[in-house]
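Colleague: Sharing a structure with you now.
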Amino acid sequence: MIERGLSYADLRISPGDVYVQMGYGDAVPDDVIHAETLGMLDTVSRILRPRFCFFVTSGTLDEEGMTLESAGRNFGIGRIIARQLRDAGRYAFFVATAGMEFERLQESLKEEGDMVKVFIADAVGSVIAEKAADRMEESLEELLAPYAWSHTNRFSPGYCGWHVSEQRDLFSLFPVEKPCGVSLTSSSLMVPIKSVSGVIGLGENVRKIEYTCGLCDFKQCYKRRKPIQNL
């Protein structure tokens, strides 16, 4: 298993990334929100300890049955993910997280009751988790480069027809109980909350494409990123 800690600078976050996550699209919010966002990013930059980890393994995809079996675990990944993984020769399972330091910051903001800061921190946390996963993909690409292999998009339990309850089976594949320090609740939600897990297909003939949101009916998916005026 490959595991790496990241710095805030490694994530390469811009205020615009946060505004997209908040629902503003390409627009810039008013001066108050803009100033609060910059302040939040400054605070986060001083406490953040994000991480990612992943490992590569074999697996058997049943596209018709819409399942992926690996290490004795059978995942009901659904039609959309099965289609994207169909040419994979190997699979990377991963976890990326904003870390407990950010989790504690969120908890303290909720206790203070400043809902504007809570809202901004929630958006920032989502961006951090996704940026950590982006850095994981870059590390994976370095590993694949000598073999001239490519990779698919990353797919997570809870999206694209893959039920979140299978998060527990996914975590059981890792050689440690809490990969990157992330644990699961009884309802299979991750702690820290701002974490991402899932699978990526690897091979000579796979490719990463734009997320096919038109095929999915999950309206709250973060990949949709609609402008706030259209919500």
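The values are calculated or read from the model by the stated rules, or taken from the named source; none is laboratory data. Note that the structure is predicted; figures quoted are calculated from it, not measured. In this analysis, Cβ positions are derived from the backbone assuming ideal geometry, glycine residues included, and neighbour counts consider all displayed protein chains. Accessible surface is based on the protein model in full, side chains and every heavy atom, while ligands, DNA and RNA are left aside. Shrake-Rupley method; radii C 1.70, N 1.55, O 1.52, S 1.80 Å.
Colleague: Counting just the residues of region 42-53 that are open to solvent by less than 10 Å² (accessible area, probe 1.4 Å) and among the hydrophobic types (A, V, I, L, M, F, W, C), which one comes out farthest from GLY181 (Cα to Cα)?
Modeller: From region 42-53, those open to solvent by less than 10 Å² (accessible area, probe 1.4 Å) are 44, 48, 50, 52-53; that's our starting set.
Add one more test, that the residue is among the hydrophobic types (A, V, I, L, M, F, W, C), and what stays is 44, 48, 52-53.
Details: VAL44: 19, LEU48: 14, PHE52: 10, CYS53: 10 Å.
Among those that are open to solvent by less than 10 Å² (accessible area, probe 1.4 Å) and among the hydrophobic types (A, V, I, L, M, F, W, C), it is VAL44.
Colleague: Of everything in region 54-73, what is part of a loop (DSSP other than H, G, I, E, B), out of contact with any Phe, Trp or Tyr (no Cβ under 9 Å at 6 or more places or on another chain), surrounded by fewer than 18 Cβ atoms within 10 Å (Cβ to Cβ) and touching a residue at least 24 places away in the same chain (Cβ under 8 Å)? Give them in sequence order.
Modeller: Going through region 54-73, the residues part of a loop (DSSP other than H, G, I, E, B) turn out to be 58-59, 63-66, 71-72.
With the extra rule that they be out of contact with any Phe, Trp or Tyr (no Cβ under 9 Å at 6 or more places or on another chain), the set shrinks to 63-66, 71-72.
Right, trim to surrounded by fewer than 18 Cβ atoms within 10 Å (Cβ to Cβ) and you get 63-65, 71-72.
Result: ALA71, single match.
Colleague: Okay, next question. With the condition kept exactly as written, say whether any residue in region 99-107 is within 21 Å of PHE55 (Cβ to Cβ), in contact (Cβ under 8 Å) with a residue 60 or more places away in the chain and in contact with a strand residue (DSSP E or B) (Cβ under 9 Å, 6 or more places away or on another chain).
Modeller: yes
Colleague: Check whether at least one residue in region 110-118 is part of a helix (DSSP H, G or I), open to solvent by 20 Å² or more (accessible area, probe 1.4 Å), free of Cβ contacts under 8 Å to residues at least 60 places away in the same chain and in contact with a Gly (Cβ under 6 Å, 6 or more places away or on another chain), and report yes or no.
Modeller: No: zero hits.
Colleague: Here's a follow-up. Can you report the number of residues in region 120-173 which are modelled with pLDDT under 95 and β-branched (Val, Ile, Thr)?
Modeller: 0
Colleague: Then there is this: Could you list, in sequence order, the residues of region 185-201 that are buried (at least 23 other Cβ atoms within 10 Å of the Cβ) and out of contact with any Ser or Thr (no Cβ under 7 Å at 6 or more places or on another chain)?
Modeller: Result: VAL199, single match.
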